[in-house]
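Written out below as structure tokens is the structure these notes cover.
The values are calculated or read from the model by the stated rules, or taken from the named source; none is laboratory data. Predicted model only: the values in this text are computed from it and were never measured. Here the Cβ is made from the backbone with ideal geometry for all residues, glycine too, and neighbour counts use every protein chain on show. Heavy atoms of the whole protein, side chains included, go into the accessibility calculation; ligands, DNA and RNA do not. Shrake-Rupley method; radii C 1.70, N 1.55, O 1.52, S 1.80 Å.
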Amino acid sequence: MTARRVGMAAAAVTATLAAVLSACTSDSGGPQPPDDAEPPGQGVIQDFAAAWRQAGADAEVAAFRGIVDRPKAAVRDITALVEELAITGTQITLTDDLTCSDDDCRQHADVTHQLAGVGPWSYQTLVKAARDETQWRVQWSPGTFNPDLTEVTTLVRERTVPPRAAILDRNGIPLTPERAIVRIGVQPSKVRPATYDGLASLLDINAAALRDTVASAQPNWFVPVIDLRRPAYRPLRESLQQLPGILLDSSQRPLAPTAEWGRAVLGTVGPATSDSLKNAGPLALPTDEVGSSGLQYAYQRMLAGRPGSVIALVEKGSGGVLNRVLSRPPRRGQSLATTLDVDAQDAAERAVARATDTTAVVVVKASTGEILAAANGPGATSYNTAFVGRYAPGSTFKVVSAAALLAQGELTPGRLVDCPDTTVVDGKSFKNYEPGIVGPRPTFADAFAASCNTTMVEFADDLSGEALARAAERLGVGAAWDLGLPAFSGSAPADTDLVTRAADMIGQGRVEASPLAMAMVAAAVDSGVSRTPTLLPDLQPGLRLTELEPTVHADLQRLMRLVVTEGTAASLDLPGLPVYAKTGTAEYEQDSGRIGTNAWLIGYRGDIAFSVLVENGSSGSQDAAPVVAALLAGLPPALYG
């Protein structure tokens, strides 16, 4: 996108004067001033530099009166060039010796302008001062501002934003290829009250915020409102075109296949806000399209590249270009490689497509910890529940509790246990999801497969809080992660209170996890090694954490397989590669004081580990298992490898 003119108010120009000026020499050979005398013209040149420092788009003639021979012309030229070139600050350093004759003095100055959206531009100019009948004054001409300028020329700026670089999947396929969009904006000078009402109705925008933006813009700016994919724009076209002051611009932007697809991870690009503009850095302008969320926001500067700029010397009358006094080509951004797999992400998106409550799906390559997909629903949500959600993991945490009990060596999958419908731990009553979930004389494996809460909590007195916390740590819960995006790896405190520890063992109490954290637990059981997850292989590679003890590893795999063949995830006993799983239902207190539930299911198949969370789901088997089934059906067989 090329913007020929950048009209924006400039901040006050700053100036740094040089150190002590050297004494002048006399071209006429006349007498030299005393060593401690101020050279003629020196003071007025310094005063001029100070006045230039204060000058900007709102410079006043009074600031130059008595300093410049033509103060009105100086203010006219400076303010026009500050606005045209979008100068936000100027540094002036007087350089070589002040050279004087009886009637004039001159000195070179190094000038550095900060150009909004472009960066610094430096050159050298010559400041001349002459003495009239009463005092010394700087002789203003356009060439004082820049040596290439004359009375019949001016400077014009063009800024070019390079195409945004793509975010790539693990095979180098662009996840966000260039797609056609329509940029909808308004021209401040032509906007009417009906414009705001119409936009709010058609596009559900914040009309008050748009009014504020328009109020601070120049009359002929393109003030961005929203960008629409062409299919979304077509039904609105006629209504939008009827609104006063509407501007439309066809463009290209890196976009995922749909507005929902990978949105919370990949992020969005749109008109700058105060936050996204600050994040974009000093070379971004309010009229730019910048990363607003996700990876697009986190790696905005890398993906956006560097804008280019041309400052041309042109004839005022004809507009003909005489010279280019500044020419910087745009520098394209750098593509961002991820571990995501386009086919896995497609499968995850289809799995959450029918969600009516918050649903998160995570798919991980178990042998490496690479995140292959992360989908969040319903709809186009930018909140990354899959990574940052903090939930009680419910009975999926029994994988951790079982690992802790098995590691102590006093429990095996075949040990006979009790699974009463209810039990009491230190005065606190615990119950199973429903009565009669196992037959008589169950083994620990049977109780695990049926997700028996009472069996697990009755072992709370045999397991210290430290032992449970260590088991969680060995499976990666609470590890330090660096994904390049915010993420929650879980928390499993070492509780000394018996009741709290009992609740922890069934994924209630004080334990918390994100869907990604529980996917990493499943991945550890699959591969036998816990790892930190990886999303950006070139920037934040994953780490190998702990190798599971072989017997514990084998027992956990046996338990999770039994959940599918005989337990609560029987609907996932699918043809082909075996599925291993653990369902979960986690209770939470709602604002009304009532108890709500979230549904979980974690597991693995081949080298693929997964986790699904469904808010307000009644159980993992009823609400999360269908999402997993849809996910597994959509994953390419090669990924299981």
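Quick notes
- Net +/- balance of residues flanking GLY567 in space, Cβ distance below 11 Å, scoring K and R +1, D and E -1: -1
- Put simply, the amide H of VAL186, placed in the peptide plane, has neighbours under 5 Å in VAL223, VAL225, LEU247, leaving out anything fewer than 5 places away on its chain.
- Entries in LYS431/LYS582; LYS128/LYS278; LYS365/LYS431; LYS72/LYS128 that, when Cα-Cα distance is taken, lie over 29 Å: LYS128/LYS278; LYS365/LYS431
- Eigenvalues of the alpha-carbon gyration tensor of the stretch 557-641, scaled by 5 and square-rooted, set the equivalent ellipsoid semi-axes at 26, 13, 9 angstrom, largest first.
- Relative contact order [Cα under 8 Å, 6+ residues apart], the chain, whole percent: 11 percent
- Dividing the convex hull volume of the alpha-carbon atoms in the stretch 200-325 by its residue count gives 165 Å³ per residue.
- Translational diffusion of the chain was estimated from the Stokes-Einstein equation, with Rh taken as the Kirkwood radius over Cα pairs; at 10 °C and 1.306 mPa s the coefficient is 54 µm²/s.
- With a cut-off of 12 Å between beta carbons, the residues surrounding VAL342 carry a summed charge of -4, where Lys and Arg count +1 and Asp and Glu -1.
- Percentage relative contact order, the stretch 463-514, counting C-alpha pairs under 8 Å, at least six apart: 36 percent
- With the helix formula -39500 (n - 2.57) applied to DSSP H stretches of n ≥ 4, the chain reaches a computed 222 nm mean residue ellipticity of -7500 deg cm²/dmol.
- Percent RCO, i.e. relative contact order, over the stretch 152-282, from Cα pairs under 8 Å lying at least 6 residues apart: 36 percent
- Taking 15 Å as the straight-line reach from the Cα of LYS316, the aspartates and glutamates in range (excluding those fewer than 8 positions away in the same chain) are ASP77, GLU84, ASP148, GLU151.
- Whole-number accessible area per residue in Å² for the chain, which is evaluated in the context of all protein chains at 1.4 Å: 43 Å²
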